[in-house]
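For reference, the structure I am asking about is given below.
Laboratory data are not the source of any read-out in this text; all were calculated from the coordinates shown. All figures in this text were calculated on a predicted structure; none of them were measured in a lab. Cβ placement follows ideal geometry from the backbone for every residue including glycine, while neighbour counts extend to all protein chains displayed.
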Amino acid sequence: MVKEEIGEKKKIQGEKKDKKVSIKREYFFGLGRRKSAIASVKIIPSETNFKISEGVKINNRPLADYFPLTDLQKIVIDPFKAVSFEGNFEVNVVVKGGGFRGQAEAVRLAVSRALVKYNEASKKTLKDLGYLTRDARKVERKKAGLKKARRAPQWQKR
């Protein structure tokens, strides 16, 4: 009796799962890194035209809330302006690690890569502006026997 009830519950739960309908929209993915920041971007083409600052969500927060400084907002928006796709996209960003500047530049690289996947013709424009170039500079690690990466202890004669 108990086993039959458990079996019936599983069937009911299975039916509930089948009722969930998810709307799948086409998106273009881009990954960007800068220093220790990593950004993954999904660009979803949209029919509605809206301000780019409203269409960009970074960690489920609007662009202006996540990056309050205007120069960091400009860094994120520049690839759209370069290829003149300012209000045609919904952008979802997940960014982790690093500081604000590194995160903004990681998002720029990820957005640029996603735009190239969307439209291959925009590659030359973005490459000429340097938005597709990964900046490989990172903090150098501290070495044993030194105070910092290259700073040696002060030498003492006697």
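Label Ala152 and Lys96 with points 7 Å out from Cα along Cα→Cβ: what is the distance between them in nm?
4.0
Starting from the stretch 89-158, pick out the chymotrypsin sites (Phe, Trp or Tyr not before Pro) whose DSSP state is loop and whose Cβ has at most 12 other Cβ atoms within 10 Å.
Within the stretch 89-158, the qualifying chymotrypsin sites (Phe, Trp or Tyr not before Pro) (loop, at most 12 other Cβ atoms within 10 Å) are Trp155.
Right, something else. Ordered by residue, what ³J(HN,Hα) values in Hz, to whole numbers, does the stretch 88-98 give under the Karplus form 6.51 cos²θ - 1.76 cosθ + 1.60, where θ = phi - 60° and Gly and Pro are x?
9, 10, 10, 10, 10, 10, 10, 10, 9, x, x
Please give me, ordered by residue number, the trypsin sites (Lys or Arg not before Pro) of the stretch 24-116 that lie in loop per DSSP and have at most 13 other Cβ atoms within 10 Å.
Lys24, Arg25, Lys51
Ok, one more. Using θ = phi - 60° and the Karplus curve 6.51 cos²θ - 1.76 cosθ + 1.60, what whole-Hz ³J(HN,Hα) does each residue of the stretch 33-38 get, with Gly and Pro shown as x?
3J(HN,Hα) across the stretch 33-38, in whole Hz: 10, 7, 6, 10, 8, 10.
Here's something else I'd like to know. Need the C-alpha centroid separation for the stretch 88-103 versus the stretch 140-158, integer Å.
When both Cα centres are located, 36 Å separates them.
Now, a different point. Of all GluC sites (Glu not before Pro) in the stretch 75-158, which ones are in loop regions per DSSP and have a Cβ with at most 10 other Cβ atoms within 10 Å?
Counting only loop positions with at most 10 other Cβ atoms within 10 Å, the GluC sites (Glu not before Pro) in the stretch 75-158 are Glu140.
Once the Cα atoms of the stretch 28-129 are picked out, what are the Rg and Dmax in Å?
In Å, with Rg to one decimal and Dmax whole: 12.2, 35.
Per residue of the stretch 103-109, in order, report the coupling 6.51 cos²θ - 1.76 cosθ + 1.60 (Karplus, θ = phi - 60°) as ³J(HN,Hα) in whole Hz, putting x for Gly and Pro.
5, 5, 6, 5, 5, 4, 5
In addition: Check which residues have an amide H placed less than 5 Å from Val56's amide H, if you skip close sequence neighbours.
Hits under the 5 Å cutoff: Leu63, Val91.
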